[in-house]
2 protein chains.
Amino acid sequence: MITLDLVLPDTAYPIHIGRHLLTRTDLLCPHLPIHDAVIVTNTTVAPLYLAPLQSALEANGVRVTPVILPDGEAYKTSETLNLIYDALLQRHCERKTTLIALGGGVVGDMTGFAAATYQRGAPFIQIPTTLLAQVDSSVGGKTAINHPLGKNMIGAFYQPRVVLADLALLDTLPERELSAGLAEVIKYGLLGNAEFFQWLETHMPALRTRDMGALQEAVRVACRMKADIVAADERETGQRALLNLGHTFGHAIEAGLGYGAWLHGEAVAAGMVLAAETSAALGWLSPREVDRITALIAAAGLPVTAPDLGVNTWLELMAHDKKVEAGKLRFVLLHGIGDARIESGVPTSVLEAVLTGRRITGRGRTTPA
Amino acid sequence: MITLDLVLPDTAYPIHIGRHLLTRTDLLCPHLPIHDAVIVTNTTVAPLYLAPLQSALEANGVRVTPVILPDGEAYKTSETLNLIYDALLQRHCERKTTLIALGGGVVGDMTGFAAATYQRGAPFIQIPTTLLAQVDSSVGGKTAINHPLGKNMIGAFYQPRVVLADLALLDTLPERELSAGLAEVIKYGLLGNAEFFQWLETHMPALRTRDMGALQEAVRVACRMKADIVAADERETGQRALLNLGHTFGHAIEAGLGYGAWLHGEAVAAGMVLAAETSAALGWLSPREVDRITALIAAAGLPVTAPDLGVNTWLELMAHDKKVEAGKLRFVLLHGIGDARIESGVPTSVLEAVLTGRRITGRGRTTPA
Ligand SMILES: NC(=O)c1ccc[n+]([C@@H]2O[C@H](COP(=O)([O-])OP(=O)(O)OC[C@H]3O[C@@H](n4cnc5c(N)ncnc54)[C@H](O)[C@@H]3O)[C@@H](O)[C@H]2O)c1
Ligand SMILES: NC(=O)c1ccc[n+]([C@@H]2O[C@H](COP(=O)([O-])OP(=O)(O)OC[C@H]3O[C@@H](n4cnc5c(N)ncnc54)[C@H](O)[C@@H]3O)[C@@H](O)[C@H]2O)c1
Ligand SMILES: [Zn+2]
Ligand SMILES: [Zn+2]
């Protein structure tokens with residue numbers, strides 16, 4: 001087991017990474033202020049992992065209330081959130097009752113938001129069960145639910161007390177979900193760690209066959225990078241926005257195709273390719289680098305070509321992204337592998353060219369495809 | 001105009017108290033990060049005060065979206081909250097759009113919670129229009145909505161950027177609402193300021209006739225005390241709980257009669273009398289002090305006798321109060337006027353005696369009424 005620490009101005013918490021951590025009550029129980037916990041999970045994860053966690057806690061004298069939500073991004077809503085509140089109130093849970101998220105990013109985001117808002121803040125623990133949740137959503141304290149008019153529009157910054165990333169839980173993860181998680185892993189290499197990018201180029205086959213050593217290293221580096229970025233900018237007033245590499249394009253893909261058609265990680269994957277192409281069109285990235293990026297994403301089993309939404313739909317959808325500020329579209333673009341920067345002055349003509357697939361090389365000159 | 005400052009570890013904000021502040025855009029506009037604001041108000045307050053505020057902001061180039069909610073505690077729900085989110089998203093508001101609460105505690109609590117959670121936190125301004133909101137709910141950053149199973153159960157700690165307490169707005173406040181606000185004003189004297197209690201005994205008639213000088217002094221002292229308590233204990237881990245004087249009993253009255261039957265301030269008034277009687281039963285307060293307290297509350301036009309809920313209902317309702325910790329009922333009791341303390345070891349027999357109206361004097365000895 002490896003333990004990382006995320007140190008913030010108001011709090012600090014450990015991120016434990018290893019195998020068979022699910023029943024390690026020695027890691028969990030010290031974070032429960034009273035012997036009362038609610039485990040929030042979903043219909044897919046519950047049959048796999050709820051019983052061992054619940055028994056382990058109960059054996060330590062903790063009263064456990066399981067809340068089993070329907071599975072899927074479509075249920076990341078205020079209605080589902082109310083199921084958590086209902087259970088908490090029906091069991092007369094106090095504000096010191098700990099909410100434990102046992103699931104992927106959907107369960108984690110909703111449970112975190114429920115914890116942030118139950119009696120103005122209850123203790124919260126993350127046990128991420130997808131690769132995406134282990135390397136991304138469980139660390140850093142962003143919590144949210146969706147609104148019919150936008151994804152993650154309602155939420156809070158609210159940090160967990162401990163994160164338990166049990167790699168053994170990834171054994172049952174569908175292949176497609178594993179790849180989706182790898183998209184976010186690749187993102188860390190691209191945005192700030194060229195050496196890690198290179199390591200990924202070598203170890204992608206091992207990751208895809210779930211080699212535990214390789215997975216542990218990938219989760220460790222990703223969590224370390226995320227923890228450092230979050231520590232420097234908890235509320236995303238600056239550098240934390242780098243984590244949105246590929247996401248402005250990606251969110252447009254998710255919204256444009258209807259949520260659920262592509263997985264978030266898949267949309268981010270194609271979005272990172274578009275970000276690379278935009279960077280190349282501006283002369284900031286070489287065609288060779290674009291090729292390396294595209295190849296690694298493909299090797300992770302991820303899509304490298306975005307769907308054709310039509311250029312107007314693209315621009316319209318991106319204009320409504322949460323990252324818009326003072327009406328300006330902001331992109332995270334690359335000045336090299338491992339060197340991402342936030343840019344708000346990308347000419348629409350360049351975006352149009354990239355989105356319509358016209359080949360562009362260097363400082364915005366376009367050539368027919 | 002008087003300005004107080006509330007200084008917290010992470011933020012600080014001014015509380016302006018005076019007449020005709022509603023259109024003082026010089027006090028408001030410096031707190032808007034972009035020229036976009038949503039004014040949340042209700043069907044009663046909008047016809048009175050929305051137009052002048054909206055025009056003043058628009059004259060300064062601010063885009064204003066008004067959101068007019070139905071009036072009443074019954075609407076402090078997730079459904080009404082969604083009306084705010086809907087408006088924000090329909091107008092494509094960014095996370096820097098400022099939410100301005102123009103109303104009493106209900107509007108303030110809901111708007112604050114919407115601001116706390118819109119895109120994980122949008123700027124927020126309080127313009128309290130009831131006495132209760134000016135002396136209590138607008139200061140300190142507690143925000144919340146109700147859940148069918150409990151009042152204020154869903155919420156967040158989220159501070160405004162500025163509070164504008166315009167005393168002139170109180171001119172239109174119904175008499176009963178004015179008295180309800182006075183209950184919270186009296187609370188400050190009781191919990192920590194014997195001199196202010198005495199000042200209130202003298203100035204209660206002037207307050208009830210809305211003498212602006214008296215109101216300004218009452219709001220100033222109350223806000224100063226609340227600001228100091230909140231500054232010392234933002235998240236209510238200790239002394240902030242003193243502000244709940246009369247509230248454990250009061251919440252039981254509100255819940256027991258059904259919300260809306262008694263106003264919150266009325267329930268707190270009767271609750272403070274019960275707290276005084278409990279303190280007397282434990283020998284901590286003299287009968288003379290109980291009489292002074294009862295007399296001041298009556299002079300404010302408030303009820304001094306709690307409704308008869310039946311002792312079992314009382315105990316049951318209080319056991320579900322949010323202030324319960326590790327299963328223990330906690331009360332704020334008085335060791336003198338101006339000297340409140342948190343107590344968790346009140347014998348049930350004493351509570352039963354007080355609640356059934358049996359006269360008790362000193363250390364829990366009971367005598368038939
Ligand atoms: N908070 C953040 O910082 C942050 C960051 C990135 C993404 N997110 C959010 O995370 C969500 C996506 O998370 P996700 O990719 O984990 O999706 P998910 O939670 O929907 O999980 C994917 C699927 O895998 C199943 N599953 C989970 N663990 C499993 C296991 N061990 N074995 C078998 N099946 C398992 C789930 O039930 C689900 O069907 C999105 O809502 C996104 O907005 C949040
Ligand atoms: N956040 C906190 O710290 C805190 C503290 C105390 C109370 N509260 C909450 O505050 C709420 C009670 O607040 P309230 O007493 O202001 O009730 P309220 O908001 O319901 O207002 C009372 C009535 O007065 C009307 N009104 C408001 N301003 C008026 C004006 N200037 N002229 C004429 N009518 C006016 C309102 O429309 C309403 O009908 C409760 O929900 C309570 O939980 C919160
Ligand atoms: Zn992502
Ligand atoms: Zn109150």
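The values are calculated or read from the model by the stated rules, or taken from the named source; none is laboratory data. Because the structure is a prediction, the values reported are computed rather than measured. A quick note on method: Cβ atoms are made from the backbone with ideal geometry, for glycine too, and the neighbour counts reach across all protein chains shown. Accessible surface areas use protein heavy atoms only, side chains included; no ligands, DNA or RNA. Shrake-Rupley method; radii C 1.70, N 1.55, O 1.52, S 1.80 Å.
Work through the residues other than B:R235 whose Cβ is under 11 Å from its Cβ and net out their charges, Lys, Arg +1 and Asp, Glu -1. Cβ neighbours under 11 Å give a net charge of 0.
About the centre of its Cα atoms, chain B shows a dipole size close to 420 debye [charges on the beta carbon of Lys, Arg (+1) and Asp, Glu (-1) only; nearest 20 debye]. The residues A:R288, B:R63, sorted by heavy-atom accessible surface at 1.4 Å with ligands and nucleic acids left out, run A:R288, B:R63 from largest to smallest. Scoring A:68-77, A:249-258 by mean Cβ neighbours within 10 Å over their residues and listing the highest first yields A:249-258, A:68-77.
Heavy atoms only, probe 1.4 Å: what % of the accessible area of the protein assembly as shown goes to carbon and sulfur, would you let me know? It would help to have the intermediate numbers written out before the result.
On the way: 13540 of 26570 Å².
Accessible surface attributable to carbon and sulfur in the protein assembly as shown totals 51 percent.
Can you pull out the trypsin sites (Lys or Arg not before Pro) in the range B:196-276 whose DSSP state is coil and whose Cβ has at most 13 other Cβ atoms within 10 Å? Don't jump to the answer; show the numbers that get you there.
Working: sites: B:R208, B:R210, B:R220, B:R224, B:K226, B:R235, B:R240; in loops: B:R210, B:R235.
Filter output for the range B:196-276: B:R235.
A cut-off of 5 Å between modelled amide H atoms, ignoring neighbours fewer than 5 places along the same chain, links B:N60 with no other residue.
Label-point distances for B:A12 to the equivalent site in the other copies, using a point 7 angstrom along Cα→C-beta, read 2.7 nm when ranked shortest first. Taking the C-alpha atoms only, the angle from helix A:264-281 to the longest principal axis of chain A is near 30 degrees. Given a 10 angstrom Cα cut-off, can you work out which residue in A:A261, A:A227, A:A340 is the most mobile in a GNM of chain A? Checking each option, the largest mean-square fluctuation is seen for A:A261. Ligands, DNA and RNA aside, B:I127 has an accessible area near 0 Å² when probed at 1.4 Å. Near A:L6, the amide H atoms lying under 5 Å from its own belong to A:Y13, A:I15; only residues 5 or more places off or on other chains count, and H is placed 1.01 Å from N. Here the sum of -39500 (n - 2.57) over DSSP H runs of 4 or more residues, divided by the residues of the protein assembly as shown, equals -13000 deg cm²/dmol at 222 nm, to the nearest 500. Residues whose amide H lies under 5 Å from that of B:L99, counting only those 5 or more places away or on a different chain, are B:V38, B:F124, B:I125; hydrogens are built 1.01 Å from N in the peptide plane.
In square angstrom and rounded to 100, what buried accessible area do you get between chains B and A, total over both, with the probe at 1.4 Å?
Roughly 3100 Å² of accessible surface disappears when B and A pair.
Let me know the shape class of the range A:2-172, please: from the alpha-carbon gyration tensor, a ≥ b ≥ c as square roots of the eigenvalues, rounded when a/c is under 1.5, otherwise prolate if a/b is greater than b/c, or oblate. Cα axes put the range A:2-172 in the rounded bin. With 30 Å² as the minimum drop in accessible area between chain alone and full protein complex (1.4 Å probe), the qualifying residues in the range B:140-163 are B:K142, B:H147, B:L149, B:M153, B:I154, B:G155, B:F157. Rounded to the nearest 10 degrees, the inclination of helix A:194-208 to the longest alpha-carbon principal axis of chain A is 60 degrees.
Comparing A:S179, A:S279, A:S78 in a Gaussian network model of chain A where C-alpha atoms under 10 Å apart are linked, the largest mean-square fluctuation is found at A:S78. Comparing each chain alone with all protein chains together (probe 1.4 Å, DNA, RNA and ligands left out), the residues of the range A:106-131 losing at least 50 Å² of accessible area are A:T117, A:Q119, A:R120. Rounded to the nearest 10 degrees, the angle from helix B:105-117 to the longest Cα principal axis of chain B is 60 degrees. With label points set 7 Å from Cα along Cα→Cβ, the inter-copy distances at A:T25 are 6.3 nm, sorted shortest first.
Kindly report, to the nearest 10 Å², the accessible surface of A:V311 as traced by a 1.4 Å probe over protein heavy atoms only. Approximately 40 Å² of A:V311 is accessible to the 1.4 Å probe. To the nearest 10, the accessible area of B:M1 is 110 Å² with a 1.4 Å probe.
The other copies place their A:E79 label points at 1.5 nm from this one, listed shortest first, where each point is 7 Å from Cα along Cα→Cβ. Express the accessible area of the protein assembly as shown per residue in Å², computed with a 1.4 Å probe while the remaining protein chains stay in the model. The answer is 36 Å² per residue. Going from the isolated chain to the complete set of protein chains, the range A:82-97 loses at least 20 Å² of heavy-atom accessible area (1.4 Å probe) at A:N82, A:Y85, A:D86, A:L89, A:H92, A:E94, A:R95, A:K96.
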